[in-house]
1. More than 28 angstrom separation, counting every C-alpha pair in the chain; what % is that?
2. Kindly rank 17-24, 90-97 from highest to lowest mean number of other beta carbons found within 10 Å of each residue.
3. Can you check what the net charge comes to around Gln138, using other residues whose Cβ is under 14 Å from the Cβ of Gln138 (Lys, Arg +1; Asp, Glu -1)?
4. Excluding residues fewer than 8 places away in the same chain, name every one of the lysines whose C-alpha is closer than 20 Å to that of Lys113.
5. Got the relative contact order for region 31-158 handy, in percent, Cα pairs under 8 Å and 6 or more residues apart?
6. Roll a 1.4 angstrom probe over the protein heavy atoms and tell me the percent of accessible area of region 1-121 that is carbon or sulfur.
7. Less than 15 Å Cβ to Cβ from Val96, Lys/Arg counted +1 and Asp/Glu -1: what total charge do the surrounding residues give?
8. Just to be sure I understand the model, the point goes 7 Å from the Cα along the line to the Cβ. What's the resulting Ser19 to Gln82 distance in nm?
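The values are calculated or read from the model by the stated rules, or taken from the named source; none is laboratory data. Everything quoted here is computed from the prediction, not taken from an experiment. Note that each Cβ is placed from the backbone with ideal geometry, even for glycine, and that neighbours are counted across all protein chains shown. Calculation scope for accessible area: heavy atoms of the full protein, side chains included, ligands and nucleic acids excluded. Shrake-Rupley method; radii C 1.70, N 1.55, O 1.52, S 1.80 Å.
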Amino acid sequence: MTNLEDLVTEISRYEAIISQWDETQRGVVVGLKRAIEDLHQEALRRLIKSVKQECLPALQNAVQDEVVYGVLLYHGLVKQPQPPLLQRVQAALAEVRPGLKDHHGDVELVAIKPPDTVEVRFIGTCSNCAASTLTLSQGVEQAIKALCPEIMTVIAVK
């Protein structure tokens, strides 16, 4: 059985050859490639719709195969898995920490309250700073919502 890495290597080899061709020749190949990809994408979309209606577990099982998953991902027919919500919230807080630490403050995660709320606590000078409301909305909240679009509300608690 051919694995995804071998297939990608072969595609890369052909792309290297084509890159040496003149612009007209490359244009023809790119057009052909795009037409074939569009055909495959539509066929896969229809197949997924049919299989999903008949047997969702079979489709979920098929997506476990790295080649199937890679092709579906390439065509935008599956989403890349996201890290867990807790991990993404912590990453967002890590993004804003350097700015808070410059002002001798910090922020900590208090709670994630499903389905769409995060509670944080400012510490250090940020805990009683007059600009903490602005820091919450323009810094912490924006960072969290950028990495966690399912979060609608970020609350600062004491």
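1. On the way: 6421 of 12403 pairs.
Summing the P(r) of the chain above 28 Å gives 52 percent of all pairs.
2. Details: 17-24: 9.1, 90-97: 17.8.
The packing order, highest mean first, is 90-97, 17-24.
3. Values: positive: Lys145; negative: Glu95, Glu141.
Result for the neighbourhood of Gln138: -1.
4. Leaving aside lysines fewer than 8 places away in the same chain, those within reach of Lys113 are Lys145, Lys158.
5. On the way: 120 pairs, mean separation 25.1, N = 128.
Answer for region 31-158 is 20 percent.
6. Values: 5110 of 8950 Å².
Percent of accessible area from carbon and sulfur atoms in region 1-121: 57.
7. Working: positive: Arg88, Arg97, Lys101, Arg121, Lys145; negative: Glu95, Asp102, Asp106, Glu108, Glu141.
Taking every other residue near Val96 into account, the sum is 0.
8. Distance between the two pseudo-spin positions: 3.4 nm.
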